[in-house]
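The values are calculated or read from the model by the stated rules, or taken from the named source; none is laboratory data. Everything numeric in this text was worked out from a predicted model, so none of it was measured. Cβ placement follows ideal geometry from the backbone for every residue including glycine, while neighbour counts extend to all protein chains displayed.
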């Protein structure tokens, strides 16, 4: 049976019961009452579904705090498709209930309805996933910063001649010290694939150079998925492990099991220089029991070892004495003398292979890059300590200059300056807060400047539909 938008609107209208009310008069038997109750619950579900609104009708935010255009469009289309599909399923169920299903046993009618109601809950769960991202855009100050971070994420995922176009990325804040990502094209509640990548940024990182370290590490996970880096790196590590002696093989086994996090750290150092390692050091500055805790199945390396590896990556990309100085400072903060002999042995094995592992990842040539190494697609020439400090001297705190530079480069410059003691934390925070706002303003202007169809050239128009069936699917 084919239904129109008008049919759906009438059927879902409050107070209307096109399938008939619960039987009145004498108490009906169960066989009569059950299908009527199921039909009313299905009608009620349609009413609730019709009350779900697109974010553009419910959220208040200044334009500078808005989501990136492509991300917002993808999210709204994703949710609209889910609501429309669910409405069709409810309509089909109601048609079945008054047609072939009228003779079905009550338990079968109930089973089919419950399956549809579970899909309704999936639609709500998907809405909530994105609502957390969108709602924060209405917070004064925070929303604009998030829009600036969206721009930083878009720059971080960019690489020359990408084999696939990167997905839209959006950011939101959450408590806790660690960041996280829900990668694009991974499954949401209900099994559908997310149209965007969602990055959770630690609120305690706002605002300083460390926020970029956390954010770009998560972007590295998205890049690794796009380029299929983890499986190919694991193969390369397995080949290296096969040539190692027993003690060294244990270290390579450790890198093999944690490579997904290691390659994300490599991407962050490649985009930010020492700013990445300084930000990581702050994140993993934990009580000693946690800093020296072995992975035990966790994909993250031991926090103590993560800093050593990040410095090794920095040495591979940008040789400079600063990396050894940073490692010495880290070891002074966390001496290993009082940890167990087994943990000290693990640290020694991993530290002994960290430089080789860093070079292995940097020189790795996955099939997805068509013969290029990972280091070939990173902006290493502009992230050396000397170059970053020179840019700091040239740019200073000139917002007009900073706002026009690649966001990852700006954060790299500020982190290098902090590491060299040239910028105080208060100054750094003020400058980065201003530049995040400037990027947000620029992104809103870019949206307003999007080209419109030329006069006389219009996209095909769909027939007009009632508001309840289209704007509120």
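Figures for the structure shown
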| quantity | calculated |
| --- | --- |
| Hits in region 335-349 (condition: touching a residue at least 12 places away in the same chain (Cβ under 8 Å), within 15 Å of residue 291 (Cα to Cα) and in a helix (DSSP H, G or I)) | 343, 346, 347 |
| Residue in region 88-102 that is assigned to a helix (DSSP H, G or I) and within 21 Å of the chain's Cα centre (by Cα) present | no |
| Candidates 399, 388, 422 - the one that is touching a helix residue (DSSP H, G or I) at 6+ places or on another chain (Cβ under 6 Å) and either at pLDDT below 95 or assigned by TED's automatic domain parsing to the domain that holds residue 311 (or both) | 399 |
| Options 273, 279, 314: the member that is crowded, with 23+ Cβ neighbours inside 10 Å and modelled with pLDDT under 95 | 279 |
| Qualifying position, being part of a loop (DSSP other than H, G, I, E, B) and buried (at least 18 other Cβ atoms within 10 Å of the Cβ), among 195, 160 | 195 |
| Candidates 246, 231, 166 - the one that is touching a residue at least 60 places away in the same chain (Cβ under 8 Å), surrounded by fewer than 21 Cβ atoms within 10 Å (Cβ to Cβ) and more than 20 Å from residue 136 (Cβ to Cβ) | 166 |
